[in-house]
Amino acid sequence: MAAVTALQGLRDKGRIQPGQKVLIDGASGGVGTFAIQIAKSFGAEVTAVCSTRNLDMARSIAADHVIDYTQEDFTKTGQRYDLILAVNGFHPILGYKRALNAGGTFVMAGGGMAQLFQIIFLGPLISMTGSKKFVNYVAQPNQKDLEFMAELLETGKVKPVIDRRYPLSEVAQAIRYVEDEHARGKVVITVEHNSKT
Ligand SMILES: NC(=O)c1ccc[n+]([C@@H]2O[C@H](COP(=O)([O-])OP(=O)(O)OC[C@H]3O[C@@H](n4cnc5c(N)ncnc54)[C@H](OP(=O)(O)O)[C@@H]3O)[C@@H](O)[C@H]2O)c1
């Protein structure tokens, strides 16, 4: 689900192209860690936005540039991008607009409620009145995209980042951990074989 969300956001909504400057906001979680690697596999130059403790991890999965959101607001640096995927997007929509190149696209997968309302109500208006496009979406899992991801995984172009593993009996703790919104990559539930339970 996380990988297909990243894939559909970048490829189908963002129309990612080789050589484009792509920024992933919220790059260190379940969707973001796939998004960095998928964007790289499409030949993009990738900037990952995450907190200090995740900078090295983002570099380790081939992000070309990293921005620590606790130190720097990328919407105010003057740097511009062709495609921004907001996985955990908490900036005002006009900040994202400022950080886009002319003709660029902003795609929102998730983030704050304020941003979601802004993109639903203001996104179409901004998209109609200028060259910058604003879209949000709900990922649609399907066999074709799972096969696409399977190929990227089998060829090693994408490697899942796994934070913690919990046994099935501790699934409640696992969900609580994920709900904190600071998991690094994915959290795995391990189902024991031959278990009496
Ligand atoms: N549109 C769709 O179809 C679709 C599908 C799946 C998921 N989603 C949505 O996408 C979002 C992300 O899903 P996910 O599974 O990747 O979540 P997740 O794994 O819980 O994301 C956790 C990551 O978010 C980062 N984060 C938290 N606050 C941030 C901030 N202010 N700026 C940048 N990064 C921040 C954290 O990094 P730090 O610890 O470094 O802060 C952490 O690594 C969720 O809102 C989810 O509901 C949408």
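Readers should treat all values here as calculations from the given coordinates under stated rules, not as data from a laboratory. Just so it is clear, the structure is predicted and the values come from calculations on it, not from any experiment. Because the Cβ atoms are built from the backbone with ideal geometry, glycine has one as well, and the counts that use them run over all protein chains shown.
General remarks:
- With 21 Å as the limit on Cα-Cα distance, the pairs of 132/159; 76/159; 157/186; 97/186; 13/40 that go past it are 132/159; 76/159; 97/186.
- Note on the chain: GNM, Cα springs under 10 Å; of 165, 59, 11, the largest mean-square fluctuation is that of 165.
- Over the C-alpha trace of the chain, radius of gyration and Dmax come out as 17.0, 62 angstrom.
- Scanning the chain for chymotrypsin sites (Phe, Trp or Tyr not before Pro) that sit in a DSSP loop and have at most 16 other Cβ atoms within 10 Å, the longest stretch containing none of them is 1-89.
- For the chain, with +1 on Lys and Arg beta carbons and -1 on Asp and Glu, the positive-most of 43, 78, 173 along the dipole: 78
- Calculated log₁₀ intensity ratio I(q)/I(0) where the Debye formula runs over C-alpha points of region 9-117, q = 0.17, 0.20 Å⁻¹: -0.69, -0.98
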